[in-house]
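Presented below is the structure to which this report refers.
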Amino acid sequence: MPCFSITRQKWKAVENGIPEIFPVTVTQVKKEKLEDYVSVIGTLVPFREVVVGSETQGNLTEVHFEVGDHVYAGNCLQELTMN
């Protein structure tokens with residue numbers, strides 16, 4: 001299916017009844033890959049952050065999440081062995 005492009009100024013002239021012949025660009029529609037990333041330089045700031053601490057002493061034996069994982073209230077985040 002052809003695609004026609006026209007400038008805003010030329011379209012206004014046509015809408016106002018001013019006959020005008022002007023060139024158009026016709027191109028075939030084709031499927032292409034759309035890049036969905038942006039490369040920028042800056043600093044990322046989280047909406048929220050927390051400091052996780054322990055109420056008891058012990059050695060950390062297991063961690064049940066990775067950096068960036070979503071965790072929810074009640075999730076077991078880490079396991080400790082008591083000294």
Note on residue 72: of the conditions (1) hydroxyl-bearing (Ser, Thr, Tyr); (2) at pLDDT 80 or above; (3) in contact with a strand residue (DSSP E or B) (Cβ under 9 Å, 6 or more places away or on another chain), unmet is (3)
Scanning region 28-71 for residues that are among the hydrophobic types (A, V, I, L, M, F, W, C) and closer than 30 Å to residue 82 by Cβ gives 50, 51, 52, 60, 63, 65, 67, 71
Condition set part of a loop (DSSP other than H, G, I, E, B) and of a type in the set (D, E, K, R), scope region 56-83, selection farthest from residue 45 (Cα to Cα): answer is 66
By residue number, the members of region 1-52 that are loosely packed, with under 10 Cβ neighbours inside 10 Å, assigned to a loop (DSSP other than H, G, I, E, B), in contact with a strand residue (DSSP E or B) (Cβ under 9 Å, 6 or more places away or on another chain) and modelled with pLDDT of 60 or more are 29, 52
Selection from region 64-75 of residues surrounded by 10 or more Cβ atoms within 10 Å (Cβ to Cβ) and of a type in the set (A, V, I, L, M, F, W, C) yields 65, 71
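The values are calculated or read from the model by the stated rules, or taken from the named source; none is laboratory data. The shown structure was predicted, so the numbers you read here are calculated from the model rather than taken from an experiment. Here the Cβ is made from the backbone with ideal geometry for all residues, glycine too, and neighbour counts use every protein chain on show.
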